[in-house]
Amino acid sequence: MKVVLAYSGGLDTSVCIKWLRENYRADVITLTLELGQKEKDLKEIEKKARDIGAIKTYSIDAREEFVKDYINRAIKANALYGGKYPLSAALSRPLIAKHLVEIAEKENADSVAHGSTGKGNDQVRFELTVRSLNPKLKIIAPVREWELNRSDALKYAKKHGIQVPSGKSVYSIDENLWGRSIEAGPLENPMKEPPDDVFSWTVSPEEAPEKASYVELEFEKGIPVALNNKKMNEVELIRRLNELGGSHGIGRIDMMEDRLIGIKSREVYECPAATIILEAHRELERLTLTREENSFKEIIDSKWAKLAYFGQWMEPLKDDLDAFIDQSQDMVSGTVRLKLYKGNLTIVGRSSENSLYDLDLATYEKNDVFNHKMGEGFLRLWGLPTEIAGRRKSRK
Ligand code: ARG
């Protein structure tokens, strides 16, 4: 048996290598994706995999692909699950699954494996994507099959001489360009404020500088292309916003979340760049889309976020929504100015050559061109149904 394992280098997936060898006598090939995780040394991770027993290791820098095909879609869709979570982990899973399938086909493997638990969302995202791309592949989820909890995993790792990441091992952490998610340990008490040691991308607002920073983000058809008037590669732009936002304490999210399988969980995220970009993008839509477009798109956006969250990346409805969303971005070009100060993100300016803002109509000054007399007749008609209903009420 030959299996390709999605390998992060962390505790659970390291244990998986050993477990797959012991229980399935499988030849394990590992696949690690570079998605913008901090302090990720791919060579070291590959070495660790071989030391534990992998017969072959792959690592792929997939940052550009992640930005182009996943993050950009999420930006255009203003994607926030539960109104708060930018889907950082959720967006990465279908991409990892796609590469798993590609390597499995290349290596003639019969199975793929992932280290997700049986009650999270990540198993859903991996498996629905793999099934839709290649239903012949067997999917193994050692952590789920084995009902492995974190302390058992630690024990198993120690017993087999698997190196355990020091310090933060009480937390389950997932990281990529779009954000960092932290679960478990003291966070399981939803009434307790997250201790300082859960955060690593952001400072607390109290420790943020006394002086605000301003950023100007320029978009072209819904996608960020320049930061402070400098055009740059989007991976770099996101990286810089994570740094800058993090240094001002922007992007900390602490929320109750409804998982697909029905349980509620308390989730903590650090998503400085995602928070800034999504906020700016939404504002540019307010400036450039019509009232009808804005209100209808909210419905589409919220459905899109649910599909991405619930692992339905390959569902044809998602492509249909993407087509609508792409079309809607035609006019969404321009610049948004934001202020970052002690954990607060404030929009302070916006401009676009496609702006629908008309100063001559909006002004309260004497150069106002709006014909106020039009109001009277319009309001009689607009209020007519309510007026008729009101008359009926007084008759009764
Ligand atoms: N709850 C989030 C989601 O479903 C984050 C899961 C990330 N995984 C982790 N091991 N922390 O997308």
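Would you mind telling me the antiparallel percentage of the DSSP bridges in region 110-187, rounded to 5?
The antiparallel proportion sits near 60 percent.
Neighbour counts of other C-beta atoms within 10 Å: give me His99, His160, His372 arranged from fewest to most.
His372, His160, His99
Of Asn121, Ser204, Ile140, whose Cα points farthest to the positive end of the dipole of region 115-270 (charges on the beta-carbon: +1 Lys, Arg; -1 Asp, Glu; origin at the Cα centre)?
Going by the Cα projections, it comes out as Ile140.
Rounded to the nearest 20 Debye, what is the dipole magnitude of region 321-396 about its Cα centre when Lys and Arg each give +1 and Asp and Glu each give -1 at the C-beta?
The dipole magnitude comes to about 880 debye.
Out of the trypsin sites (Lys or Arg not before Pro) in region 1-106, which ones are loop residues according to DSSP with at most 13 other C-beta atoms within 10 Å?
Arg25, Lys38
Helix 384-395 against the longest principal axis of the chain: what's the angle in degrees, Cα atoms only, rounded to the nearest 10?
It works out to around 80 degrees.
Counting alpha carbon pairs within less than 8 Å and at least 6 residues apart, what relative contact order, in whole percent, applies to the chain?
The normalised contact order for the chain reaches 17 percent.
Rank Asn233, Ile261, Val164 by how far each Cα sits towards the positive end of the charge dipole of the chain (+1 on Lys, Arg Cβ; -1 on Asp, Glu Cβ) and give me just the farthest.
Positive-most Cα among the choices belongs to Ile261.
Positive end of the dipole of region 1-109, charges at C-beta (+1 Lys, Arg; -1 Asp, Glu), about the Cα centre: which of Leu87, Ser14, Phe66 has its Cα farthest in that direction?
Leu87
Could you pull out the trypsin sites (Lys or Arg not before Pro) across region 115-207 that fall in loop regions by DSSP (anything but H, G, I, E, B) with no more than 14 other Cβ atoms inside 10 Å?
Filter output for region 115-207: Lys119, Lys136, Lys192.
Between Gly251, Gly185, Gly222, where does the largest GNM mean-square fluctuation fall for the chain, given springs only between Cα atoms within less than 10 Å?
Among Gly251, Gly185, Gly222, the largest mean-square fluctuation in the Gaussian network model of the chain belongs to Gly185.
Over the chain, with a Gaussian network built from C-alpha contacts below 10 Å, which listed residue (Ile29, Ile96, Ile173) shows the highest mean-square fluctuation?
Evaluated over the chain, the most mobile residue of the options is Ile173.
What's the longest bit of the chain with no exposed GluC sites (Glu not before Pro), using DSSP loop states and at most 10 other Cβ atoms within 10 Å as the test? Numbers along the way, then the final one.
Values: sites that count: Glu39, Glu147, Glu210, Glu353, Glu365.
Longest run free of exposed loop sites: 211-352.
Using Cα atoms only, what is the angle between the long axis of helix 122-133 and the major principal axis of the chain, expressed in degrees (0 to 90) to the nearest 10?
Roughly 90 degrees, rounded to the nearest 10.
Taking just the alpha carbons, could you work out the radius of gyration and Dmax for the chain, both in angstroms?
Computed over the Cα atoms of the chain, radius of gyration and Dmax are 24.7, 86 Å.
For region 171-216 and region 217-287, what is the centre-to-centre distance using only Cα atoms, to the nearest Å?
If we compute the Cα centre of each part, the gap is 14 Å.
Between Asn367 and Glu64, what is the FRET efficiency for a Förster distance of 51 Å, r being their Cβ-Cβ separation, to the nearest 0.05?
Approximately 0.55, to the nearest 0.05.
What pairs in Lys221/Lys339; Lys48/Lys159; Lys84/Lys192; Lys56/Lys98; Lys43/Lys159; Lys48/Lys98 have C-alpha atoms more than 28 Å from each other?
none
Taking the Cα centre as origin and putting +1 on Lys and Arg beta-carbons and -1 on Asp and Glu beta-carbons, what dipole magnitude results for the chain, to the nearest 20 debye? Don't skip to the answer; put the middle values down first.
Details: 61 positive and 63 negative charges, 223 e Å.
Once rounded to the nearest 20, the dipole reads 1060 debye.
Springs between alpha-carbon atoms under 10 Å, Gaussian network over the chain: tell me which of Asn367, Asn233, Asn108 tops the mean-square fluctuations.
In the Gaussian network model the winner is Asn367.
Mean residue ellipticity at 222 nm from the helices of the chain, using -39,500 (n - 2.57) per DSSP H segment of n ≥ 4 over the full residue count, to the nearest 500 deg cm²/dmol?
So the helix-based figure for the chain works out to -13000 deg cm²/dmol.
Measure nothing fancy, just the Cα-based angle from helix 150-159's long axis to the longest principal axis of the chain, in degrees from 0 to 90, nearest 10.
For helix 150-159, the angle is close to 30 degrees.
Nearest 20 debye, what's the magnitude of the dipole of region 270-319 about its Cα centre given +1 on Lys and Arg Cβ and -1 on Asp and Glu Cβ?
Taking the Cα centre of region 270-319 as origin, the dipole is about 100 debye.
Each reported figure results from applying straightforward, stated rules to the coordinates on display, with no laboratory input. Note that the structure is a prediction, hence the values are computed from the model and not measured. Ideal geometry is used to build each Cβ from the backbone, glycine not excepted, and the neighbour counts take in all protein chains shown.
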